[in-house]
Every structure is written in structure tokens, then in C-alpha cells.
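To keep things clear, I will list the structure first and then write my remarks on it.
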Amino acid sequence: MDLRKTILYIILFLSSSIYAQKLYYPGKSWEEKKPIDFGIDNHKIDKAINFAISNENSVDTNLENAIRKAFGNEPYFEIKGPTKYRGKPNGLIIKNGYIIGKWGDVDRVDMTFSVTKSYLSTVAGIAFQKGLIGLDSKLKDYVWDGKFDSDHNQLITWHHLLNQSSQWKGNLFGTYDWADRPKRGLSIEELKTQNIPKPGKAYKYNDVRVNLLSYSLLNVFRKPLPEVLKTTVMDPIGASTTWRWYGYNESKVIIDGYQVQSVSGGGHFGGGIFINALDHARFGLLFLRGGVWEENNIISPTWIDLMTKPSENNSSYGYMWWLNKGDRKWPELSENIFYGAGFGGNYVVIIPDQQLVIVARWIDSSKLGEFIKKIIDAHA
């Protein structure tokens, strides 16, 4: 049974039961309940939260310094977008839509790094369900400024960009594709001339190419992607107005005579989405509920099927969501889990089997699986 069908089965079961109450969605305020209200051990949830707090990620609180330390050895590396100091660990545990656990300052707006990719994927999903893009359609038919004109690049489809198998060659906003997470031990000349697979034949995590997806969607929507995300997703789910989505000074382009910033798909070079844990949790709850918010079908069932389908070249990765499958699998946890993940220990985790959403910020990434297991074990 695929993940979307599993989610729908759970929702239909809950909603059809004569004993089931109407599914809860938070309004302006978010109702809190005790774990025991759902038969969950209060003490075990408290222990899990203390575990998250005590296993803080070691990344520098000055995130500009942290980025330079992590990526500063890449050729011609520079920070192009905004950064900020990060907060202390914080997060939320959502059960059946209610808050049953929280820690730290969940209102604090912080960088979220590559969790941004899951939001970008969602914008692509909006384009897909509006009929603006076809997943097997070639980008050369949508973006006409030369970025997809070469014999190699003209083979690239939306599907390739979304699952990070595009293998696009070029320079975007001053950064070459080969300069992002380059192979070690190669000179710059060797990097420039290296043979790379054809589009669709290999997975390569690459923020330049993710930013190309964002730029390509901007060319389709003809309006800023933060505006698209706000009006189609974030406002309908009741998110705050404190989140921001940034690009770079170099990524300002002209669309239909107006200057628009093409936003980034992460914080590798700075920028990306800056957001608080509460808004992350609303976003996660939307996907836990199969793309439905109250009476509104915001994300199509087909899209959720597609985005959680393992990629041909990486079974742990869908359309910019990580899956609990393949090499990154937590073997003791359900394969139905999927999550957005960002540098520094930023996570939005969706757990359909237990109707949970977990937002964890600035946690030691090596401890995330253990943290999730503690929360699930508290259900026993």
C-alpha cells in the first residue's frame, strides 16, 4: 500500500468511526493536551523532550560562521544570501493535531536550511496540480534564456530537477554546478571537464541545481514564489506572517518587466526560508492529513503519492522529501515516515502510523532516529 493510501485509510477510518470526533485543526491559537489524553506516557514524552534538549547540535550559533566552516572550502565559495544567529533547541510534538509536547522558543524565527526544499517541492506540486508543468516535460520548453539549450541540458525534465538527478551543467547566479559539494582531490580544471552522467541517471545533492528548480518555477508562475507559497499554502493553514523566503542579491531577475528575486532552496549560500517551529508544525500537519486542511484540499493526492515515491537513483529520497527507506532508513521505525531535513539539525517529521508530526530544531542529527523512537515507544 503506498503512503498516500495509508494516510487516507487512517483518516477515513478515524472520520467514519461513530466514536471518532471531527479531526482537529488549529485556529489562531493551538490547543494543547497532555500525552495521557491519548493513552501516551507523560513521563516518557518528558524524557524524550529532555533528550532533544540535551543533544543540541554542535553547529556554531553564528550561522554565517557555521556555513563557512561547512562549505567554505568549495571553489569560489561565498555567502550570497542573509544569515542570522540561531536559537537554542526548540520543537513540538503534535498528536492528532494537538500539541502534546513542546520545548524552547517555538515562536523564534530561524534559518531552516534544506527543509526549504520540501517547501519548494510543495510549490512545484501547486504548479503540477494547476496543470502548469508536466513532470516528464523538458525544461527547455519552459525556460528560454539558454540555461537548457545545450545537448546535455535539453534532456532535463521537471522530474529530474525534483529528485536531484538532473545533472545540469552551468553557472547560476555566479556559482557553477561543479563547485557545489565537488569531488575531493580534483583540481578546478578537472572539475570543469569531468564527465557526469546523463540527466536522470544518477542522484547528486546539489544546491545550485535546486536553485535552478526555483528559478524555473518562477518562470512558470511569473510571480515571486514566496507569494505563491503564502497564498496557496501558508495562509490557508493559518501560518503566521513572520516567516520569510530569501534568495541572493545576484538572483534578482526581470519577469514581465518587473524585478523579482529568485529564492533559494536552502541556506548553503545563505537565504532560504526563515521560519518558526509552529509554522513548520502546521506545514507538517497539512501533509499528515493528506494535503487537506479542514474543508480545503490544498495539496493533491496525486502529488503526495509522487513526492513520497522513492527515486530511481536514491530510494531514500522522493521529491525533496526524505523517506525512511534505503541507505538512510531507521530500521526500527516505519517505512511510512517522511521528513524535511536541514543543516544544523532542523527537521519536520511526518509519522502517519501514529498520527504524529515532530518538529525538532538544532538537534544532533545523529540522535534524531533515537529521539523519534522514544516518542513512538511512549505510545506503548
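The values are calculated or read from the model by the stated rules, or taken from the named source; none is laboratory data. Not measured: the values here are computed from a predicted model. So basically every Cβ, Gly included, is an ideal-geometry build from the backbone, and we count neighbours across all protein chains shown.
In the set (1) part of a helix (DSSP H, G or I); (2) surrounded by 13 or more Cβ atoms within 10 Å (Cβ to Cβ), the condition left unmet by Phe77 is number (1).
Hey, any hits in segment 35-58 for a residue that's modelled with pLDDT of 95 or more, assigned to a loop (DSSP other than H, G, I, E, B), within 25 Å of the chain's Cα centre (by Cα) and within 30 Å of Leu172 (Cα to Cα)? Within segment 35-58 (the criterion being modelled with pLDDT of 95 or more, assigned to a loop (DSSP other than H, G, I, E, B), within 25 Å of the chain's Cα centre (by Cα) and within 30 Å of Leu172 (Cα to Cα)), the answer is no, since none of the residues qualifies.
Checking each residue in segment 332-380 for being assigned to a helix (DSSP H, G or I) and at pLDDT below 95 picks out no residue at all. When residues in segment 25-65 are screened for being β-branched (Val, Ile, Thr) and farther than 30 Å from Ile79 by Cα, 4 of them pass. Among the candidates Pro89, Pro75, the residue that is modelled with pLDDT of 95 or more and under 22 Å from the mean Cα position of the chain (by Cα) is uniquely Pro89. Among the residues of segment 82-102, the ones that are among the polar types (S, T, N, Q) and either surrounded by fewer than 22 Cβ atoms within 10 Å (Cβ to Cβ) or touching a Pro at 6+ places or on another chain (Cβ under 8 Å) (or both) come to 2 in all.
Return the residues of segment 163-177 that are out of contact with any Pro (no Cβ under 8 Å at 6 or more places or on another chain) and either over 23 Å from Phe71 (Cα atoms) or in a loop (DSSP other than H, G, I, E, B) (or both); say none if nothing qualifies.
Answer for segment 163-177, where residues must be out of contact with any Pro (no Cβ under 8 Å at 6 or more places or on another chain) and either over 23 Å from Phe71 (Cα atoms) or in a loop (DSSP other than H, G, I, E, B) (or both): Asn163, Gln164, Lys169, Gly170, Phe173, Gly174.
Condition check: of a type outside the set (Phe, Trp, Tyr), outside the structural domain of Ile156 (by TED's automatic domain parsing) and under 30 Å from Thr302 (Cβ atoms). Does Lys80 satisfy that? For Lys80, the condition - of a type outside the set (Phe, Trp, Tyr), outside the structural domain of Ile156 (by TED's automatic domain parsing) and under 30 Å from Thr302 (Cβ atoms) - is not met. Note on segment 206-307: enclosed strands (runs of 3 or more DSSP E) holding 1 or more residues that are free of Cβ contacts under 8 Å to residues at least 60 places away in the same chain, in the same structural domain as Leu132 (by TED's automatic domain parsing) and farther than 16 Å from Ala124 by Cβ are 244-255, 258-263. Looking across segment 270-287, the residues that are closer than 27 Å to Ala70 by Cα and touching an Asp or Glu at 6+ places or on another chain (Cβ under 7 Å) come down to Phe274, Asn276.
I need the full set of residues from segment 106-139 which are in contact (Cβ under 8 Å) with a residue 24 or more places away in the chain and acidic (Asp, Glu), in order please. Those that are in contact (Cβ under 8 Å) with a residue 24 or more places away in the chain and acidic (Asp, Glu): Asp107, Asp110.
Here's the yes/no breakdown for (1) of a type in the set (Gly, Ala, Ser); (2) not in a strand (DSSP E or B):
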residue: Gly91; (1), (2): yes, no
residue: Lys102; (1), (2): no, no
residue: Asp105; (1), (2): no, yes
residue: Thr116; (1), (2): no, yes
residue: Thr122; (1), (2): no, yes
residue: Gly134; (1), (2): yes, yes
residue: Trp144; (1), (2): no, yes
residue: Lys147; (1), (2): no, yes
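Selection of segment 273-310 for residues being touching a strand residue (DSSP E or B) at 6+ places or on another chain (Cβ under 8 Å) and surrounded by fewer than 19 Cβ atoms within 10 Å (Cβ to Cβ) yields only Pro310.
Listed here are the residues, each with its yes/no results for (1) modelled with pLDDT of 95 or more; (2) touching a Phe, Trp or Tyr at 6+ places or on another chain (Cβ under 9 Å); (3) surrounded by 15 or more Cβ atoms within 10 Å (Cβ to Cβ).
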| site | (1), (2), (3) |
| --- | --- |
| Gly170 | yes, yes, yes |
| Arg184 | no, no, no |
| Glu190 | yes, no, no |
| Arg209 | yes, yes, yes |
| Leu212 | yes, yes, yes |
| Asn219 | yes, yes, yes |
| Glu227 | yes, yes, no |
| Lys230 | yes, yes, yes |
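Kindly establish whether Gly170 is out of contact with any His (no Cβ under 6 Å at 6 or more places or on another chain), touching a residue at least 60 places away in the same chain (Cβ under 8 Å) and not aromatic (Phe, Trp, Tyr). So Gly170 does not fit the description; no.
Output the residues belonging to segment 195-205 that are aromatic (Phe, Trp, Tyr) and either free of Cβ contacts under 8 Å to residues at least 60 places away in the same chain or assigned to a helix (DSSP H, G or I) (or both).
Tyr205
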